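Contents: one structure, followed by commentary.
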Amino acid sequence: MKRNILAVASMLALMLAFGFAVRAQDQPANASVAGAWQMTYQGRNGAVNQTLTFTQDGATLTGTVHSDRGDSPLNGTITGSAIDFTIKRTTPNGDFTIEYKGTVTGDDMKGSFTMGDNTRDWSATRQKS
């Protein structure tokens with residue numbers, strides 16, 4: 001009886017371990033976004049261009065955004081092709097955070113960002129070095 005329980009427990013442990021290994025292989029690798037990207041979105045007065053520079057450590061993203069308003073830090077994550085990051089801006093009217101969500105496809109990204117109650121679409125293209 002003890003041998004049967006031990007055999008069943010061993011089989012269950014092997015099946016569980018195999019299941020986790022298969023599930024880990026099914027997860028898509030995180031897209032590589034390290035480097036500079038040219039981002040565009042429609043502002044109140046027309047197209048706005050900014051440069052995003054990402055540093056990537058696995059799923060963790062850090063970097064800066066450069067625009068007419070100067071440089072601001074960004075922090076985020078990437079899971080597969082889904083990218084999420086925030087940019088913190090300091091202005092004379094106080095600090096605020098912009099939340100970006102999007103999808104990476106090769107050398108292109110697109111998504112939307114939220115600032116307060118406003119949401120806008122954005123797109124970005126990797127800059128060639």
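The values are calculated or read from the model by the stated rules, or taken from the named source; none is laboratory data. Here the structure is a predicted model, which is why all the values come from computation and not from measurement. Using ideal geometry, Cβ is built from the backbone for each residue, glycine included, and neighbour counts are taken over all protein chains shown.
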Which members of region 67-81 meet the condition of being loosely packed, with under 15 Cβ neighbours inside 10 Å and either part of a strand (DSSP E or B) or at pLDDT below 95 (or both)?
-> Asp68, Arg69, Gly70, Asp71, Pro73, Asn75, Thr77, Thr79
Going through region 33-57 one residue at a time, which ones are outside any strand (DSSP E or B) and at pLDDT 95 or above?
-> Val33, Ala34
So Pro28 clears everything in (1) surrounded by 12 or more Cβ atoms within 10 Å (Cβ to Cβ); (2) modelled with pLDDT under 95 except one condition, right? Which one?
-> (1)
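Search region 35-54 for residues being aliphatic (A, V, I, L, M) and surrounded by 14 or more Cβ atoms within 10 Å (Cβ to Cβ), and hand back the single one that is nearest to Asp108 (Cα to Cα). Reasoning before the result, please.
The first filter runs over region 35-54 and keeps only residues aliphatic (A, V, I, L, M), leaving 36, 39, 47-48, 52.
Going one step further and asking which of them are surrounded by 14 or more Cβ atoms within 10 Å (Cβ to Cβ), we end up with 36, 39, 48, 52.
Values: Ala36: 12, Met39: 10, Val48: 17, Leu52: 13 Å.
Looking at residues that are aliphatic (A, V, I, L, M) and surrounded by 14 or more Cβ atoms within 10 Å (Cβ to Cβ), I get Met39.
Any residue that is of a type in the set (A, V, I, L, M, F, W, C), within 22 Å of Gly46 (Cβ to Cβ) and touching a strand residue (DSSP E or B) at 6+ places or on another chain (Cβ under 8 Å) - is there at least one of those in region 100-107? Outline the logic, then answer.
Pass one, region 100-107, residues of a type in the set (A, V, I, L, M, F, W, C): 104.
After this cut, where a residue has to be within 22 Å of Gly46 (Cβ to Cβ) as well, the list is none.
Scanning region 100-107 turns up no residue that is of a type in the set (A, V, I, L, M, F, W, C), within 22 Å of Gly46 (Cβ to Cβ) and touching a strand residue (DSSP E or B) at 6+ places or on another chain (Cβ under 8 Å).
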Among all residue pairs at least 6 apart or on different chains, which show Cβ distances below 8 Å where the first residue, located in region 48-73, is under 23 Å from Asn30 (Cβ atoms) and the second is in a strand (DSSP E or B) and aromatic (Phe, Trp, Tyr)?
-> Thr51/Trp37; Leu52/Trp37; Thr53/Trp37; Phe54/Trp37; Leu61/Phe54; Leu61/Phe85; Thr62/Phe54; Gly63/Phe54
Within region 41-71, residues closer than 22 Å to Ser129 by Cα and hydroxyl-bearing (Ser, Thr, Tyr) come out as Thr51, Thr53, Thr55, Thr62, Thr64, Ser67
Go through region 55-65 and give me each residue that's surrounded by fewer than 16 Cβ atoms within 10 Å (Cβ to Cβ) and not polar (S, T, N, Q).
-> Asp57, Gly58, Ala59
What is the one condition in (1) hydroxyl-bearing (Ser, Thr, Tyr); (2) assigned to a strand (DSSP E or B); (3) more than 12 Å from Val33 (Cβ to Cβ) that Thr62 does not satisfy?
-> (3)
Expected output for region 82-101 (first residue more than 16 Å from Gln50 (Cβ to Cβ) and acidic (Asp, Glu), partner surrounded by fewer than 13 Cβ atoms within 10 Å (Cβ to Cβ) and at pLDDT 95 or above, Cβ below 7 Å, 6+ apart or cross-chain) is none
Log entry, pairs with first residue in region 112-124 being free of Cβ contacts under 8 Å to residues at least 24 places away in the same chain, second being in a strand (DSSP E or B) and among the β-branched types (Val, Ile, Thr), beta carbons closer than 6 Å, six or more apart or on different chains, reads Ser112/Thr119; Met115/Ile98
Matching residues in region 86-99 - criterion: being touching a strand residue (DSSP E or B) at 6+ places or on another chain (Cβ under 7 Å) and farther than 30 Å from Ala29 by Cβ = Arg89, Asp95, Phe96
Any hit, region 122-129, residues being farther than 19 Å from Thr62 by Cα, surrounded by 12 or more Cβ atoms within 10 Å (Cβ to Cβ) and of a type in the set (D, E, K, R) | no
